[in-house]
Amino acid sequence: MDTDFQAQLQAAGATFITPSEPDVVESFGNDSAAIAAATSGVALYDRTHWGRVQVSDGDRLRFLHNQSTNDFERRSSGQGCDTVFVTSTARTIDLVSAYVLNDAVLLLTSPGMGDRLLNWMDRFIFFADKVKLDLITDSTAAMSVIGPASTDCLSTLVSDVASLKELSQQPYGSHREFIIQDVPVRVAVGSGLATEGYTLITDAENHSKLWQAIKAAGAIPMGETAWEHLRITQGRPMPEHELTDDYNPLEAGLWNTVSFEKGCYIGQETIARLDTYNGVKQQLWGIQLNQAADPGTVITEGDNKIGRLTSVIQTDDGLLGLAYIRTKAGGAGLTVTVGEAAGQVVDVPFPTRSRVSQSSE
């Protein structure tokens, strides 16, 4: 992030996560307003610190089809999807948004996962494969507009409003290029949450100009604190919390990212067995707490260990966490103990818990 843009963000009230992440805004001092805007208006969340990998050359779709959980061979330019990269035993590595372009596929990874994912994929490129991987995090910028007024907000910025309205009716991940403030911006359906909105990607040199334009159009800027609040209350899993070597995509509630019709891919045999034999032993849920508990705390029902807390946040309605709960123990409404805290399991909107028709994406 250049110093001029950083100064502009500070003028808007930004404080930064330091010293480890000086380019990431912790808060604009408006967390409650930003959360409310994502629910009833439009919020602006900068995702430039998330990773971006470009996959190109002739075998790109076949390669991604074989490396992750979703179906890429039926995708064409202008389409997109979420997919999960997993280990050979179907343990989660990252939840990734993929956008199919004319000559490449653009992957939006979780923060800090761009390098790791590129290195992971590189291991599976063989001599005859026509696949090229490029880390483009530093040369691009990304942000999301989140909330029911997102289309109205962007409509004030694009010249082709009819095309934006048409895009807004397309399936998740659909995308096209628009001109905003005289610069090309790829606009994709989906905010990264269960809330409606769009994800925007442009060249790094346009970062400040695009952010300022969307803010001027009425979007409320959002930092990491507000984003973390939204992602936990909605149940979006993230690496080092819900996406780890301990869990698979079905347990994480990512059924919508899995194609059960396509052929072999890394981790496919394990996921197929879990589906065929109803083998999902634990599931991701929200959990309301009456007092603080740390992520990693064991969850019990009576004398039985039934799960583990993975994330927690303070909300206006009290403490809310995410947790994996054993399927046999139950789900929403279950009363549990989390360390010294009492808890109640609640549903959250992001996870899916059964097969999702590919035609409904």
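The values are calculated or read from the model by the stated rules, or taken from the named source; none is laboratory data. Everything numeric here is computed off the predicted structure, so don't read it as measured data. So basically every Cβ, Gly included, is an ideal-geometry build from the backbone, and we count neighbours across all protein chains shown. The area values use the complete protein model at the heavy-atom level, side chains included, leaving out ligands, DNA and RNA. Shrake-Rupley method; radii C 1.70, N 1.55, O 1.52, S 1.80 Å.
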Item checked: Whole-Hz couplings from phi, Karplus 6.51/-1.76/1.60, listed for the range 179-189; x for Gly and Pro -> 9, 10, 6, 6, 10, x, 9, 7, 10, 10, 5
Next item on the list: Express in whole angstrom the spacing between the alpha-carbon centres of the range 1-70 and the range 203-275.
Entry: 12
Note to self: What number do you get for the range 176-286 when its Cα radius of gyration is normalised by 2.2 N^0.38 Å, N = residues?
What the structure shows: 1.40
Margin query: Rolling a 1.4 angstrom probe over the protein chains, ignoring ligands and nucleic acids, what is the accessible area of residue 209 in square angstrom, nearest 10?
Written below: 90
Checklist line | Value at 222 nm in deg cm²/dmol, rounded to 500, when DSSP H runs of n ≥ 4 in the chain each add -39,500 (n - 2.57) | finding: -6000 deg cm²/dmol
Notebook entry, point to check: Over its Cα atoms, what ratio of radius of gyration to 2.2 N^0.38 Å does the range 111-220 give?
Noted result: 1.22
Next item on the list: In debye, nearest 20, what is the charge dipole magnitude of the range 190-310 about its Cα centre with +1 on Lys and Arg Cβ and -1 on Asp and Glu Cβ, if you could check?
Entry: 260
Notebook entry, point to check: residue 290 to residue 156: extension gain in nm, 0.36 nm per residue of separation minus the Cα-Cα distance?
Noted result: 43.8 nm
Checklist line | Of 91, 123, 176, the one that fluctuates the most in a GNM where the chain has Cα springs shorter than 10 Å | finding: 123
Margin query: Between residue 39 and residue 2, what is 0.36 nm times their sequence separation minus the Cα-Cα distance? Round to one decimal in nm.
Written below: 10.2 nm
Next item on the list: Calculate the translational D of the range 195-258 in whole µm² s⁻¹ from Stokes-Einstein, where the hydrodynamic radius comes from the Kirkwood formula applied to all Cα pairs, the temperature is 25 °C and the viscosity 0.890 mPa s.
Entry: 169
Notebook entry, point to check: In this model, which of 281/305; 262/328; 132/209 are farther than 22 Å apart at the alpha-carbon?
Noted result: 262/328; 132/209
Checklist line | residue 24 long-range amide H proximity, modeled H, under 5 Å | finding: 17
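Give the Kirkwood hydrodynamic radius (Å, one decimal) of the chain, defined as one over the mean of 1/r across all pairs of different Cα atoms.
Over the chain, the inverse of the mean reciprocal pair distance is 21.1 Å.
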Check: How many percent of the accessible area of the chain is carbon or sulfur, using a 1.4 Å probe?
Finding: 46
Next item on the list: At 1.4 Å probe size, with every protein chain present, just tell me what the per residue accessible area of the chain comes to in Å².
Entry: 43
Next item on the list: Can you tell me the order of 347-354, 184-191 when each peptide is scored by its average per-residue count of other Cβ atoms within 10 angstrom, highest first?
Entry: 184-191, 347-354
Checklist line | Shape parameters for the range 268-322, alpha-carbon atoms, Rg then Dmax in Å | finding: 14.6, 43
